[in-house]
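What follows is a set of notes on a single structure, which appears directly below.
The values are calculated or read from the model by the stated rules, or taken from the named source; none is laboratory data. Predicted, not measured: the structure shown is a model, and the values here were computed from it. Methodologically, a virtual Cβ is constructed for each residue, glycine included, from the backbone with ideal geometry; neighbour enumeration extends over all protein chains shown.
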Amino acid sequence: MPNIKNKTGVGQAIDRVEGHLKVMGMAKYSTEFPVKNKVYGQGINSTIAKGEIVSIDTSEAEKLPGVLKVITYKNAEKLNTFDQVPTAISTTTIAPVLQSNKVHYYGEYIGLVVAETFEQAQHAARLVKFEYRKDPNPAIHLDKHEGKAYKPKDMEDYVLGNLEAGLSAADEVVDVTYTTPIEHQHPMELHAIIATWDNGKVMAYATQQMVNDATIAISDTFQIPKKNVRIISAFVGGGFGSKLNTERHVIMAVMAAKMVGKPVQVTVTRHQMFTNTGLRQFNIQKMKVGAKKDGTLTALAHETLSHTSPTQEFQEPCGQVTKMLYKVPNNRVTYRLVPLNIQTPFAMRAPGEATGSFALESAMDEMAWKLKMDPIDFRIKNDTQVDLSEKKPFSSRLLVECLRIGAEKFGWKERSMEPRTKRNGNWLIGYGVSAASRQAPYQKTNAKVILALEGNKVNATVRMDGTDIGTGSYTIIAQTASEYLKIPVEQVTVELGDSEFPVTPGSGGSWGAASYCNAVMAACENAVKTLRENRNIKEEEEVPLAKLLKRNQLKQFEADGSAEPSKEFNDHSVYSFGANFSEVWVDKDTGMYRIKRMVNVGAAGKILNPKTAYGQIIGGLTMGAGMVIAEQSRIEPNFGNFITRSFADYHVPVNLDMANIEVVFLPEDDKIANKMGVKGIGELGITSVAASIANAIFNATGKRMRELPITPEKLISAAVEPNVAS
Ligand code: MOS
């Protein structure tokens, strides 16, 4: 029974329990742990995109005071390397580094200098001289190498029905291509680690989203037992996917610690984060949509062409949304990859959905316009309660409700169907809508709760290896314990991010909240149940926790709990849904535009804490707006280096760019998803935002923008679509 008197249990908008630590600078991020005798490593990056190192001169660097070691492929520890190239990248893949003289992309690590101070290491790193045999033709641009496209190993072509037949049966066809640029995650906290090697044992303070997976990657790379690796990641200053896997600076730090016999700190600079900690790949998405005059979809196709590195393979699943969002009998989703001399891409917030929904939800808007149908009506007409790609019902799906309620909140009826007709002086005003869906996975998770009686009060400590990447995990875990132990949240201490704590899937993929909290609930319920059973307490008798411990004559008691997907979960398709609405004002002469208002309506199961959930959504909306207004990482076309090297040229939205935002959560309690009824929310907020803004730009200007970001100069030079009256 939930305790209705409990003002700090689940569903309450309490402040972050760790908030005061953060504002006082007392929350310890990886490199803030006091580790005695630590020294500093500075990575050195290649300055060619492809070729071989032919000579290395370390003499000048080694002469400098404080320099302890210069590590290159010549003297590096032998590590486990890939059996097959390309290897699929995952959150547990090994991360061999400094193993050969080959260079695969500009900025690849080719050395590490270890010195007593950070400044000495940085200075010395610049004095190490590399000579290369340079390959004159690195592959930098996707469009020049389309001929090398291949089908990624893990991504089968998806076919439902017969696409060509579906297109022939259509009254209208949309056949268009969308492109999205390379983007970088750029969490505020730089990637960093302090690693110690002691007698074959690794101890590391590292900023990682998934500590258990990091222990696997490190132990597999060094071929040591997993139990010999301990990772602490108590606070993580954002990850957005870039800290899901174990990057090579982690391996270099461990290697250096082993070689110099001291703890080594390696910080990846902001500049290095463009080439060494993952990126969202450049995607070319070809969309085909077929529909009858009445708006019934007859065909949908989504072909994604993208790039990966020469050594590892990754493709974000852009077509995922196209497989499940609408009722369409003929559907095709494919992926092709081209190896380029650019670092391996990896997951960035809502990998697949963020970019894929830009293509799908723009194409749906294009079709609605062709049919002269309201884009909300068009979507509702093609709603489905069954995931046709999985042949499973959705556990819950309030997409239609999100669209309808959002339309009401937003004032959709004030929209003018015909572009260029709603104006205010020089401003062309447009309204846009898009539908959002994001998988809400749930994974096996373990937790421990320790109860301690102090006077008449019980203090509880929850331990798990899960992480809080800024999302509010500490808070919702504390609230869950408060709820199921029926004690105030102030009496709950949450300890996270230590690989010696019970194993969890870590934070990523929008599975954190559901996984963590269901396991904590199980641990708390186990504790209470055991204490009651020990004293044969009857079901109807209410006994507060403190009394329960006293009746058991215990001062301290601990219990474990775990949670994992049920058969019912596996028999359903479990997604969170949402709808985005944007109002955009475009200056008709300069192409400058402002996002004036946004409304986001989400249905993501039970909302554990409306305040932290709201934070997740506005963060997602901001990243979604960033996709449209600014974010792109640019590569120099001949040399292959990123010419966006800092926030001076990689632009992200600031407060002034952001609209008035209204966020609404529809009440939902999805008991098929899991016992607590929780679905994921961390990635829902970014999904389809870009399409709602681009669709609003079309509604304002009659210009269909199919390439992100939509910068003012692109907008001025774009033509008004031929079927728009002007
Ligand atoms: Mo997320 S891209 O799984 O951190």
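Among residues belonging to the range 378-419 that are of a type in the set (Ser, Thr, Tyr) and under 24 Å from Glu662 (Cα atoms), point out the one that is surrounded by the fewest Cβ atoms within 10 Å (Cβ to Cβ).
Here the residue is Ser416.
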Cross-chain or 6+ apart pairs with Cβ under 6 Å, the range 5-29 first and closer than 28 Å to Ile232 by Cα, then of a type in the set (Phe, Trp, Tyr): Val17/Tyr474; Glu18/Tyr474; Ala27/Phe235; Tyr29/Phe235
Pairs where the first residue, in the range 674-685, is within 16 Å of the ligand (Cβ to nearest atom) and the second is of a type in the set (Lys, Arg) and in a loop (DSSP other than H, G, I, E, B), C-beta under 6 Å, 6+ apart: Glu683/Arg349
Only one of Ile48, Ile140, Ile110 that is crowded, with 17+ Cβ neighbours inside 10 Å, under 29 Å from the mean Cα position of the chain (by Cα) and not in a strand (DSSP E or B): Ile140
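Among what's in the range 540-581 and is among the hydroxyl-bearing types (Ser, Thr, Tyr) and part of a strand (DSSP E or B), pick the residue that is farthest from the chain's Cα centre (by Cα).
Of all residues in the range 540-581, those among the hydroxyl-bearing types (Ser, Thr, Tyr) come to 562, 566, 573, 575-576.
In the following step, the residues that additionally are part of a strand (DSSP E or B) were identified as 562, 573, 575-576.
Values: Ser562: 25, Ser573: 20, Tyr575: 16, Ser576: 15 Å.
Among those that are among the hydroxyl-bearing types (Ser, Thr, Tyr) and part of a strand (DSSP E or B), it is Ser562.
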Per-region count, the range 502-531, residues touching a Lys or Arg at 6+ places or on another chain (Cβ under 9 Å) and more than 22 Å from Tyr442 (Cβ to Cβ): 2
Total residues in the range 160-216, condition more than 16 Å from the ligand (Cβ to nearest atom), farther than 25 Å from Ala363 by Cα and not aromatic (Phe, Trp, Tyr): 15
Residues satisfying the stated conditions in the range 368-388, i.e. part of a loop (DSSP other than H, G, I, E, B), under 27 Å from Ile284 (Cα atoms) and among the acidic types (Asp, Glu): Asp383
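Yes or no: Pro345 more than 14 Å from Glu183 (Cα to Cα), in the same structural domain as Lys703 (by TED's automatic domain parsing) and in contact with a strand residue (DSSP E or B) (Cβ under 9 Å, 6 or more places away or on another chain)? Spell out the reasoning first.
Working: more than 14 Å from Glu183 (Cα to Cα): no; in the same structural domain as Lys703 (by TED's automatic domain parsing): yes; in contact with a strand residue (DSSP E or B) (Cβ under 9 Å, 6 or more places away or on another chain): yes.
Criteria not met by Pro345.
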Residue list for the range 248-264, filter: in contact with a strand residue (DSSP E or B) (Cβ under 8 Å, 6 or more places away or on another chain) and either part of a helix (DSSP H, G or I) or within 16 Å of the ligand (Cβ to nearest atom) (or both): Arg248, His249, Val250, Met252, Ala253, Val254, Met255, Ala256, Ala257, Lys258, Met259, Val260
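Applying the selection to the range 220-247, what residues are away from the ligand (no atom under 13 Å from the Cβ), in contact (Cβ under 8 Å) with a residue 40 or more places away in the chain and in a loop (DSSP other than H, G, I, E, B)? First the steps, then the outcome.
Restricting attention to the range 220-247, the residues satisfying the condition of being away from the ligand (no atom under 13 Å from the Cβ) are 220-235, 237, 246-247.
Restricting the remaining residues to those that are in contact (Cβ under 8 Å) with a residue 40 or more places away in the chain gives 220-223, 229-235, 237, 246-247.
Correct list: Gln223, Ser233, Ala234, Gly237, Thr246, Glu247.
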Filter result (touching a strand residue (DSSP E or B) at 6+ places or on another chain (Cβ under 8 Å) and closer than 15 Å to Met627 by Cβ) within the range 652-669: Asp657, Met658, Ala659
Gly147 vs. criteria exposed (fewer than 14 other Cβ atoms within 10 Å of the Cβ), more than 23 Å from Lys102 (Cβ to Cβ), small (Gly, Ala, Ser) and in the same structural domain as Arg270 (by TED's automatic domain parsing): no
